[in-house]
Each structure stands twice: as structure tokens, then as C-alpha cells.
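Presented below is the structure to which this report refers.
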Amino acid sequence: MHLLHKLGNAKTEANYHAYYQTLIKDGTANGATSNAYLTSSNVPFKNKCIIMKYRTGTLYNQKHAVLFKLSTSQTCPLCPQVDSALHILSGCQHTQIRNMITERHNLACRMILKDISKTGSLGSCIVIKDIGSNKRMTMQNLQIPETAKSRIVPKWLFPPRFSD
């Protein structure tokens, strides 16, 4: 929040506000980068609206449905968890939703890989990647670097308590 603005009725005790304040104090948050999507012509208007609703806590979910007396349960319609904006975007354990989240992650990673491979000299630094099938890589005109022999993360990378 810019110093000239007032917080008004904003819930300053909410987790989102506290997390963002921590990021600002740490110097991790960068307002120009965090809000770059607002002026980007690559982000559709509908997506901008969804992002703003998420960031302001107004993305419709079961908690809102109960508040507006449109439902009696705060439980996610797909899984037995309490529904919230965070649950919708990254926490629902329903198989279909989990697959969508994984594909969204893989797509972002493939975009990063594509940019790294354009730099030429840094492309050879990629040793391993697990960002989806070869078919999906081909759809984005990506090729597996010769240095990346396996798509499976090596067992030695994980702490011993993790199973195969």
C-alpha cells in the first residue's frame, strides 16, 4: 500500500496482509514486478480480474456462499476440505484439480526452460527436468537438452526419509 493511501476497512490482522508485510520488510516483494500483470497486454482482462479477486480476498468460494446464505457448508464441493481461495488455486486434492495444478506448474517450467534455451550458453546447464511429457514439450517447440538424460529426479537429491 502506498504511503499516501489509507487502508480503510482492510483486515490488517488477516494472514494475507501479514505475509505481504513480511515480504515488504524483507525486501522480497517488488511492487512493480508484483503488479506488472495489470499493464501487460499478454494477460487477458478476465485473468486480471481473477487475480485481483484472489489478492483482495473476494474470489467466490464456499466460505462466501455460506456468508451470503447460498450454502450451509464451507466444505469444497469436490473434496472434504474447507474451501477458500487458496484451496481453489493450489490446495484442492481432487484428482482432476491436482492434475490441472501440476500441468500449470509444468507449463510455467516449460516457459522458463524455453527462455533459458534461447540464451544458448546457459542451455547446457540443464542437467535434469521433470516438466511433463515429451509430447507436451514438442507442443511448445522444446527439445530435451542432450545434457538432460533422465526426467526422474535422482534419489540422492532427497532426504533419506522420502520413499522411492
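The values are calculated or read from the model by the stated rules, or taken from the named source; none is laboratory data. Everything numeric here is computed off the predicted structure, so don't read it as measured data. Every residue, glycine among them, receives a Cβ derived from its backbone with ideal geometry; neighbour counts consider all protein chains shown.
Brief remarks follow.
- When the stretch 85-106 is limited to residues that are free of Cβ contacts under 8 Å to residues at least 24 places away in the same chain and β-branched (Val, Ile, Thr), the one that is nearest to His64 (Cα to Cα) turns out to be Ile97.
- Residues located in the stretch 60-74, provided they are within 20 Å of Met100 (Cβ to Cβ) and β-branched (Val, Ile, Thr): none
- Considering only residues in the stretch 105-138 that are at pLDDT 75 or above and among the hydrophobic types (A, V, I, L, M, F, W, C), the one that is farthest from Leu89 (Cα to Cα) turns out to be Leu113.
- Residues that are of a type in the set (S, T, N, Q) and surrounded by fewer than 14 Cβ atoms within 10 Å (Cβ to Cβ) were ranked within the stretch 76-110; the one that is nearest to Leu38 (Cα to Cα) is Ser90.
- The numbered conditions (1) surrounded by 16 or more Cβ atoms within 10 Å (Cβ to Cβ); (2) more than 22 Å from His17 (Cα to Cα) are all true for Phe68 except (1).
- For Cys79: the one exception among (1) modelled with pLDDT under 80; (2) hydrophobic (A, V, I, L, M, F, W, C); (3) over 19 Å from the mean Cα position of the chain (by Cα): (1)
- Selection status of Lys48, modelled with pLDDT of 85 or more and either closer than 18 Å to Ala85 by Cα or touching a helix residue (DSSP H, G or I) at 6+ places or on another chain (Cβ under 7 Å) (or both): yes
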